[in-house]
Structure formats: C-alpha cells, structure tokens
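A short write-up of the structure that comes next.
The values are calculated or read from the model by the stated rules, or taken from the named source; none is laboratory data. Bear in mind the structure is a predicted one, so any value in this text is a computation, not a measurement. Glycine also receives a Cβ, built like all others from the backbone with ideal geometry; neighbour counts cover every protein chain displayed.
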C-alpha cells in the first residue's frame with residue numbers, strides 16, 4: 001500500500017484519497033478492492049474520479065483496486081462519522097455496495113457526491129464535509145439524491161507523483 005495509514009483497511013472502511021484541490025472517497029470491500037463513484041465511461045482502466053470528469057449529472061459505481069484508484073496519491077482510512085453515527089455491519093455495507101456496481105446513478109457535486117455516496121453506504125446517512133464551505137447548511141441538500149466526487153476547496157497535501165485526473 002502507498003498509504004500513510006496505521007494498519008490496513010478493513011471491509012467497510014471509508015478511504016479518503018487526496019487529489020489536487022479535492023478528496024475522492026471510496027469504501028473498502030476487501031482483498032485490495034474498493035467501490036466508488038467515477039466517470040460513466042466503460043474504460044476498464046482505473047477511471048477518473050475528478051469532480052469535473054462526470055458529464056451530464058451521471059456517475060458510475062465501480063469496483064476497482066485501491067492502488068489503481070489512488071494512482072499514486074496519498075490516502076488514509078477516514079471513518080470520521082463513527083462518533084456521530086453507528087456504522088452498518090461490514091456485511092451490509094459490502095452487500096449494498098456490490099448491488100450497485102455497474103449502475104449509472106445521478107450525480108451532483110453539492111448534493112450527492114462520492115463522499116455522500118460512501119457515507120450513505122457506511123452509515124445509512126449521506127454527509128459531505130468537503131462541500132460544507134460551498135453551501136453552508138447541507139441539511140437542505142442531504143438526501144436530495146445527487147451523486148458526485150468533488151470539492152475544489154481543500155488544501156490537502158499532494159503526493160508528487162499523484163495523477164490528479
């Protein structure tokens with residue numbers, strides 16, 4: 001693993017990947033694989049997770065190797081809502097995630113992005129800290145049924161060989 005994380009991810013863990021200007025979020029499903037939102041293209045290679053790469057308000061749920069999705073960017077396990085919400089069992093998280101693989105779903109940067117997607121899988125509640133500076137009170141948007149992977153406002157560290165697009 002390329003990541004500076006204490007211990008290896010466990011199935012159901014949320015992983016935050018630090019891209020240039022935003023974070024991409026994935027859920028770990030085991031054996032080095034993650035499920036995440038990305039471009040709806042049929043590209044079998046680790047698809048782009050740029051917030052600007054998803055066209056027409058649609059995103060694709062994909063299962064890919066974590067290292068392919070990270071593409072050299074640093075990442076960490078980040079189950080940051082565990083103190084606020086009770087996580088679902090790993091079995092439920094993985095089962096629900098696997099049912100969504102290959103599905104094209106609606107996507108919206110502020111209302112339903114990759115972070116909303118994975119927090120909904122883990123907790124049954126959608127939440128995105130990275131869009132909070134953009135919209136203030138997200139309670140108006142949460143549950144609106146939009147899907148994405150953005151922010152553009154974070155000053156997170158960047159790994160020099162990281163492919164941001």
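A few remarks follow.
- Applying a threshold of 9 Å to beta carbon distances and a minimum spacing of six or more residues, or different chains, the list of pairs starting in region 98-109 at a residue that is in contact (Cβ under 8 Å) with a residue 60 or more places away in the chain and ending at one that is surrounded by fewer than 12 Cβ atoms within 10 Å (Cβ to Cβ) reads 107/56.
- Against the list (1) surrounded by fewer than 22 Cβ atoms within 10 Å (Cβ to Cβ); (2) at pLDDT below 95; (3) under 13 Å from the mean Cα position of the chain (by Cα), the condition residue 38 fails is (1).
- Identity of the residue in region 82-128, surrounded by fewer than 24 Cβ atoms within 10 Å (Cβ to Cβ), in a loop (DSSP other than H, G, I, E, B) and touching a helix residue (DSSP H, G or I) at 6+ places or on another chain (Cβ under 7 Å), that ends up modelled with the lowest pLDDT: 110
- Residue match in region 136-147 (condition: at pLDDT 90 or above, farther than 15 Å from residue 14 by Cα and buried (at least 16 other Cβ atoms within 10 Å of the Cβ)): no
- Residue check for residue 100: under 18 Å from residue 13 (Cβ atoms) and in contact with a strand residue (DSSP E or B) (Cβ under 6 Å, 6 or more places away or on another chain): yes
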